[in-house]
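The values are calculated or read from the model by the stated rules, or taken from the named source; none is laboratory data. Please read these numbers as outputs of a predicted model, since none were measured by experiment. So basically every Cβ, Gly included, is an ideal-geometry build from the backbone, and we count neighbours across all protein chains shown.
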Amino acid sequence: MKPFVHLHLHTEYSLLDGATRIDEMLAKCKELEMPAVAITDHGNMYCAWKFLNAAKAAGIKPIIGCEFYMCENLHNTGWENKEYFHLILLAKNNVGYYNLCRLNSIAWVEGFYYKPRIDWETLVKYHEGIVCLSACIAGQLPRLFLADRPDDARALALQFKELFGEDYYIEIQKHGIDDEDAVMPQLVALARELDIKVVVTNDVHYLNKEDAEIQDIMLCIQTGKYFDDPNRMRFTGQEFYLKSYDEMAQLFPNVPDAMETTLEIAEKCNVDFGKEKLLPLYTPPDGMDSAEYLRYLLEKGLKEKYPDCTPEIRERVEYEYGVICSMGFVDYYLIVWDFINYAKTHGIPVGPGRGSGAGSVIAYLIGITEVEPFRFNLMFERFLNPQRKSMPDFDVDFCMDRRGEVIDYVHRKYGMDNVCQIVTFGTMATKNAIKDVARVLRFSVAEANRLAKMVPDGFKYTLRHLLGLKPYKKEADTYISEELKQAYADPATHRLIDIAMRLEGSPRQTGMHAAGVVICREKVADHVPLQTNGGSLAKGGIVTTQYNMTEVEQLGLLKMDFLGLRTLTDIKKACDYVYEDYGVKVDFHHDTYSDPNVFNLISSGDTMCIFQLESGGMCDLMRKMKPTGLEEIIAGISLYRPGPMQYIGDYIECKFDKSKIHYLHPSMESILDVTNGCIVYQEQVMQLVKKLAGFSTALADNVRYAMSKKKTQMMKDLGQLFVYGGTWTNGETVPGCVKNGIPEETALQIYKQLDDFSQYAFNKSHATCYAYVTYQTAWLKNYYPAEFIAALLNNRITDITQIKKYMEYAKTINIDILPPCVNRSYAEFHVENGAIRFGLGGIKNVGVAVVQQIVEERKANGDFADMTDFFERCYDFINKRMVENLIKGGAFDCFDRTRADMLQWYNDELNEVAESKKKAASGQMSLFDMMPELKTDIRPSHEQLKEFPAQVLYTFEKEVLGLYMTGSPLDDYDKFAAQYKFDFNTSEIARYVPDGSEDGETVLPVVNKKFVTTGGVVHDVRVVVGKDNQRMAFGVLEDKYDTVELCLYGATYEKYKNLFADDAFVVVKGGLGESRDSYKINVREMIDPRAENGRQSGSDGEQTPKATASNITLWLRMAERDEARYEQIVGTLKQYQGDIPVKIKMDGKAFELETHVRQCPGLQYELNLILGESNVVFYEKH
């Protein structure tokens, strides 16, 4: 087959447009004997580095390109400037590649308007080393011919020829599109006239002809259209695939030279960029060089932290210093020290360390970490191994609230152009692929969800694995879904799944790495392409790389993780509150981390609020382990993970009975005694091979590396060295175990044990850093629990689930939660005489800025005497909605008035203040205005209104606070939980962020319960009619911790419909199953625990059935039209939306309102206040 090169190809990184997967594309190019291939994704270079390496590995020449969007002026926006044209640019050499990076970066950062755009002026500036093709039918040249402007087309071609010379080509294509056929002769004729070569291309968007449907589905997903929509955007025909030489030759029989031109261009293009020395340089003060300054810092730290420096410490410091200098990482250490030092000197909390960096004593001396390596036997080579030329990686935790300040400092320090954040790619996960395709093919949402639920959460394989069509890599992972296989037999579902198979795993959208920041010696855009994430810079977009974090490191840029750890903010706030309340400055920097009272607390199992120990499993582990020192906390954190959990029993048993400990050789004891004979840490593996076989520490780390990375041959070779000794590849001679007096059989057993345990062994440096944070939170909880819990609440003030959890816990340890109060509260929760006062900022529609003004007024002029006093002093920054919510939340209860009375009269009182302010402004002051003591209350003289029933107050509080405050329908929860033996609550299904997560994404816990008994208050009841005309109902059950969905189907709903109502407390029994991204209970039995004998249903004749929404209407009556009161009615109705229609009779006429409501006491009482009890009727038709 004759050679041909495709020069216009869109990979899967032309997001939701290109369906060509790089590995499959290269395999087909190989099959078709194509010597080279280009990628030209739409407006991006996302996969350039990935493609370069993959193509080289496949033996195919890679050509790096991009299909750019050209406009008249990239700085102009507005509808009139939306027009753009396509242009293909290919990198001819490395200079051209870097110019493509610059052009693409400018297109995104400066020229983004609907698309990333460049203009002629920019192209002229960065055209060197680039081959230019005139592009497809969307290019400017063919567009001019289609617009019947041949002279302009000729001028444009001459303009490009003058710029690019022989590197400018006129591109022709043939996909069965009329416009292509119309302009192709004109393009060829123009090329001949101007002596410009013609090149043929195919606009490849998918691999094979039959893949056209896959790409069409992608377009539907991108545009939000249905597949059968006749008016949607679609490609014409099925010709946009990777064609062979023969297929291309048949399309262009009259221009054979244009086929040969593809080879000419491929011959021109020779790009092979790679890793560069781009680590930034640190400029020390006082003219010192970097090595001198690092020496200065470490010697200073040595005097402070080791005033009695031993020879062992000095030797370790000098060794580390030598390695750091010889490997060229002095500037790296100083860069990290610098931004950590900035954070610490500006009051920004920094974690004690993270990852293996805590093994460096120099990092400890200069303040990068706070963990003392000698105390915990942490190893430097675990972080920086002189035998492996890999970049060290200091991951740093900062206070979540102020992490951005540190990133801003780094931008200022190294230059805005030299620092940016890192892109991430959201891929089409298996569940999402099913749902996306189902929507496009018009499957119902219910059916899409049903199919998606057949894929287990966290499933790391593919649909082909799940259907048994492809074997699993690990036999232990094997799981075949019989349910999915059965669904796959249906023809429509078969088509859906087949399409989803092709789409799963493909990139869907870009995002920004939660922590990753690139720092470069030069402008980042000179080395990797950039983009904006979240739209243009003008609209708040953030500049990121186009390569992911692994790729930017491979290319030599410094990647730093600026991680946000919320617990650091908790600790900082708690320490601030302790100082405010007691004048005590908490100082963990000089703490010995050995307070027995702290370990007694942890050993009790009361680990709620304690970092890393909050879960039920960790609570149980600490109760059994009874830790007495930090080493045991470190071990607990390391063991409580999948895999090593199997050794927890051994660890605990051996702790309390040392006779159970068995060492394969006595020399292992000094290393493993700290973990009761168990191999828990990677560092222990290193220490053992070093001590038993005589490995150097660096070579010992290679053992750890080979075992953890499953390097089979390397493990085998190192095993031989461990047992028998010899010389390693770097020339290091090792005596081996046998020579050191350990029997061969024992040595082999030890190496096997090391291999077995190394699969689960944890990084002790990382566990130690987190154990420090664990200790700090436990210390604060033990000595200042109210201040600590207040800090937790304030740091989660927008997460009502967490607020409820910690408030509920505070009550269990006898810390009262006080309601919000305009005379006592601040914006946030704060400690008041040992109790925690609810913050006004937690009330719905009461902003923090307004609360701060209220507090400032209170500080300046004293407590508010009553509501009128509050209105007069705060009139300029409050509104009626705020006042109403403050009343409902109980913030005015200090004025000794019922909330019913305040809700009835606040509007009139506020209007009176407004009128008084208006008069004062115009100078129309009355005697009463000038002498406040003569003023009379606007309320009638009779006694204030009787307070609402408790249930209504609870409803109000839930509405505006998100939770119950003064009381709760859940007050009897514990009693009923004991009576009915609840075996489940919603804390068990709370989503959580796994340890080590970099993006902060939450996951759903696995709950191994099939049938549960639980209870709580019902909310959000809705009834629907299924396809079989049977009614089913859905709602939410709220317990003390969170909520869970309830489902009642068919006969179950009919049986329990009278109990299943909003605000009802019920006991439910049913099956627990997954529902979308949470859990649900399919109810089988429902009980009213407050009814006599716990009646299950109102349909047994023992009580009157409640009316259902289908036969109820809410009737309201107004004697005459009153706009203000009418608006108040409508606003109230919207707070209680449901299924019941509302009709109002006014001025003798009746009409129906758009809003439908639910029947509940809160609505009844609010409407009674507005209209009077006789004018509000829920009418039931019989």
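Return a yes/no flag: does the range 798-818 have any residue that is at positive phi, assigned by TED's automatic domain parsing to the domain that holds K859 and of a type in the set (S, T, N, Q). Looking for residues that are at positive phi, assigned by TED's automatic domain parsing to the domain that holds K859 and of a type in the set (S, T, N, Q), one finds at least one in the range 798-818, hence yes. When G556 is tested against (1) crowded, with 16+ Cβ neighbours inside 10 Å; (2) on the phi < 0 side of the Ramachandran plot, just one condition goes unmet, and that condition is (2).
Pairing residues of the range 76-105 that are touching a residue at least 24 places away in the same chain (Cβ under 8 Å) and under 21 Å from C269 (Cβ atoms) with residues that are in a helix (DSSP H, G or I) and of a type in the set (S, T, N, Q), at Cβ distances under 9 Å and at least 6 apart in sequence or on separate chains, gives H86/Q140; L87/Q140; L89/N99; A91/N99; R102/T122; L103/T122.
The residues of the range 853-897 that are β-branched (V, I, T), modelled with pLDDT of 95 or more and either more than 40 Å from the chain's Cα centre (by Cα) or under 17 Å from V952 (Cβ atoms) (or both) amount to a single one, I887.
Yes/no matrix, rows are residues, columns are (1) in a helix (DSSP H, G or I); (2) surrounded by 15 or more Cβ atoms within 10 Å (Cβ to Cβ); (3) in contact with a Pro (Cβ under 7 Å, 6 or more places away or on another chain):
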position: A446; (1), (2), (3): yes, no, no
position: L451; (1), (2), (3): yes, yes, no
position: D457; (1), (2), (3): no, no, no
position: K460; (1), (2), (3): no, no, no
position: K470; (1), (2), (3): no, no, no
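Condition check: over 28 Å from E67 (Cβ atoms), surrounded by fewer than 18 Cβ atoms within 10 Å (Cβ to Cβ) and either outside the structural domain of E110 (by TED's automatic domain parsing) or of a type in the set (S, T, N, Q) (or both). Does D526 satisfy that?
no
So in the range 506-557, with the set limited to residues that are in contact with a Lys or Arg (Cβ under 7 Å, 6 or more places away or on another chain), among the small types (G, A, S) and not in a loop (DSSP other than H, G, I, E, B), which one is nearest to A429 (Cα to Cα)? Ranking the candidates gives G516 first. Between R508, R566, the distinction of being buried (at least 20 other Cβ atoms within 10 Å of the Cβ), within 23 Å of the chain's Cα centre (by Cα) and among the basic types (K, R) belongs to R508 only. Among the residues of the range 558-570, those that are assigned to a helix (DSSP H, G or I) and touching a strand residue (DSSP E or B) at 6+ places or on another chain (Cβ under 9 Å) comprise R566, T567, L568, T569.
The rows are residues; the columns are (1) assigned by TED's automatic domain parsing to the domain that holds F762; (2) farther than 30 Å from N53 by Cβ; (3) not aromatic (F, W, Y).
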| site | (1), (2), (3) |
| --- | --- |
| G540 | no, yes, yes |
| M549 | no, no, yes |
| E553 | no, no, yes |
| N597 | yes, yes, yes |
| E614 | yes, yes, yes |
| M625 | yes, yes, yes |
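Scanning the range 218-249 for residues that are among the aromatic types (F, W, Y), crowded, with 17+ Cβ neighbours inside 10 Å and assigned to a loop (DSSP other than H, G, I, E, B) turns up F227, F235, F240. When the test is whether a residue is of a type in the set (V, I, T) and touching a Pro at 6+ places or on another chain (Cβ under 9 Å), T774 does not pass it. Go through the range 180-198 residue by residue and tally those that are crowded, with 16+ Cβ neighbours inside 10 Å and among the acidic types (D, E). The number of residues fulfilling the criteria is 1.
State all residues of the range 948-1002 that are modelled with pLDDT under 90, out of contact with any Pro (no Cβ under 6 Å at 6 or more places or on another chain) and aliphatic (A, V, I, L, M); if no residue qualifies, say none. If the condition is that a residue be modelled with pLDDT under 90, out of contact with any Pro (no Cβ under 6 Å at 6 or more places or on another chain) and aliphatic (A, V, I, L, M), then A950, L963, L970, I989, A990, V993 are the ones that fit.
Against the conditions (1) surrounded by fewer than 14 Cβ atoms within 10 Å (Cβ to Cβ); (2) touching a residue at least 60 places away in the same chain (Cβ under 8 Å); (3) at negative phi, D490 satisfies every one except (2). Any residue at all in the range 693-709 that's modelled with pLDDT of 95 or more and in contact with a helix residue (DSSP H, G or I) (Cβ under 6 Å, 6 or more places away or on another chain)? For the range 693-709, residues modelled with pLDDT of 95 or more and in contact with a helix residue (DSSP H, G or I) (Cβ under 6 Å, 6 or more places away or on another chain): present. Filtering R824, R881 for residues that are surrounded by 17 or more Cβ atoms within 10 Å (Cβ to Cβ) and of a type in the set (K, R) leaves a single hit, R824. Do we find that C101 is in a helix (DSSP H, G or I) and buried (at least 23 other Cβ atoms within 10 Å of the Cβ) in this structure? Judged against the criteria, C101 is a match.
Screening K50, K82 for residues that are farther than 16 Å from V204 by Cα, surrounded by fewer than 23 Cβ atoms within 10 Å (Cβ to Cβ) and either under 33 Å from the mean Cα position of the chain (by Cα) or among the hydroxyl-bearing types (S, T, Y) (or both) leaves exactly one candidate, K50. Per the conditions (1) surrounded by 15 or more Cβ atoms within 10 Å (Cβ to Cβ); (2) in contact with a strand residue (DSSP E or B) (Cβ under 7 Å, 6 or more places away or on another chain); (3) modelled with pLDDT under 90, the sole criterion not satisfied by L1072 is (3). Taking the range 472-481 on its own, how many of its residues are aliphatic (A, V, I, L, M) and either in a loop (DSSP other than H, G, I, E, B) or touching a Leu at 6+ places or on another chain (Cβ under 9 Å) (or both)? Final tally of qualifying residues: 1.
Results for (1) polar (S, T, N, Q); (2) exposed (fewer than 12 other Cβ atoms within 10 Å of the Cβ); (3) in a loop (DSSP other than H, G, I, E, B), shown as yes or no for each residue.
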| site | (1), (2), (3) |
| --- | --- |
| K277 | no, yes, yes |
| Y293 | no, no, no |
| L298 | no, no, no |
| E304 | no, yes, no |
| R316 | no, no, no |
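Return the residues of the range 327-341 that are under 19 Å from K559 (Cβ atoms) and within 30 Å of the chain's Cα centre (by Cα); say none if nothing qualifies. Selection gives Y332, Y333, I335, V336, W337, D338, F339, I340. Only one of the numbered conditions (1) out of contact with any Asp or Glu (no Cβ under 7 Å at 6 or more places or on another chain); (2) buried (at least 16 other Cβ atoms within 10 Å of the Cβ) is not met by C678, and that is (1).
For the range 852-870, the set of residues classified as within 23 Å of E912 (Cα to Cα) and in a helix (DSSP H, G or I) consists of Q853, I854, E857, R858, N861, M867, T868, D869, F870, listed by residue number.
Residues of the range 748-789 that are among the hydrophobic types (A, V, I, L, M, F, W, C) and without any contact (Cβ under 8 Å) to a residue 60 or more places away in the chain: L748, A786. Residues that are aliphatic (A, V, I, L, M), touching a strand residue (DSSP E or B) at 6+ places or on another chain (Cβ under 6 Å) and closer than 19 Å to L297 by Cα: does the range 331-347 have at least one? Within the range 331-347, one or more residues are aliphatic (A, V, I, L, M), touching a strand residue (DSSP E or B) at 6+ places or on another chain (Cβ under 6 Å) and closer than 19 Å to L297 by Cα. Screening the range 104-217 for strands (runs of 3 or more DSSP E) wholly inside it with 3 or more residues that are within 46 Å of the chain's Cα centre (by Cα) and not basic (K, R) returns the ranges 130-133, 168-172.
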